[in-house]
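This report refers to the structure that appears directly beneath it.
The values are calculated or read from the model by the stated rules, or taken from the named source; none is laboratory data. The structure displayed is predicted, hence computed values, not measured ones. Methodologically, a virtual Cβ is constructed for each residue, glycine included, from the backbone with ideal geometry; neighbour enumeration extends over all protein chains shown.
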């Protein structure tokens, strides 16, 4: 069966990364990476007002550079770059289903920081001041939540997403059917 649209034909063709695609990819990476260096300006003694102005200019320049990268690489090249980048990210994605013990560990890592954050203002008299206002403890809790999302697997991401979908309905497994 012959492909009938231009998009189907271009998706079947293998794009070889030439100099335009490589330059576009380098510009794409640079447009994402250089705004990450903005906090370093404070280490060099630049005033906060100047940092704000430079940050705004860098963010605008990054957007322009991203558009220029897409123009340089062309439609097929940009599709190739997108495929490579998202292909790399998919390799780090959590598995769809996980074991029961991994799921339980992930739930604990997800729930404990949330409970601590929720209950800390109410139980403040029982929590020492060193713990209640510790930034490193807060960062550790945030990292625990992020890491737990990878431990919990793709099914949990669907459950989490379903919280924000109005028509989503929970489907509980049947315990009488003898789930493995």
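Annotations
- When the criteria are applied in full, residue 152 meets the requirement of being at pLDDT 85 or above and surrounded by 14 or more Cβ atoms within 10 Å (Cβ to Cβ).
- Failed item in (1) surrounded by fewer than 13 Cβ atoms within 10 Å (Cβ to Cβ); (2) under 17 Å from residue 156 (Cα atoms); (3) modelled with pLDDT of 85 or more, with residue 90 passing the rest: (3)
- Criterion applied to 80, 103 was being in contact (Cβ under 8 Å) with a residue 24 or more places away in the chain, surrounded by 15 or more Cβ atoms within 10 Å (Cβ to Cβ) and under 29 Å from residue 32 (Cα atoms), and the one residue passing it is 80.
- Condition check for residue 141: under 30 Å from residue 22 (Cβ atoms), assigned to a helix (DSSP H, G or I) and either touching a residue at least 12 places away in the same chain (Cβ under 8 Å) or not assigned by TED's automatic domain parsing to the domain that holds residue 23 (or both): no
- Selection status of residue 95, out of contact with any helix residue (DSSP H, G or I) (no Cβ under 6 Å at 6 or more places or on another chain) and touching a residue at least 40 places away in the same chain (Cβ under 8 Å): yes
- Residue match in the stretch 39-62 (condition: more than 30 Å from residue 158 (Cα to Cα), in a loop (DSSP other than H, G, I, E, B), more than 19 Å from the chain's Cα centre (by Cα) and at pLDDT below 80): yes
- Top-ranked residue in the stretch 11-31 [being at pLDDT below 80 and in a helix (DSSP H, G or I); ranked as nearest to residue 88 (Cα to Cα)]: 11
To keep it simple, each residue is scored yes or no on (1) closer than 21 Å to residue 144 by Cα; (2) surrounded by fewer than 14 Cβ atoms within 10 Å (Cβ to Cβ).
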site	(1), (2)
35	no, no
47	no, yes
55	no, no
62	no, no
111	yes, yes
119	yes, yes
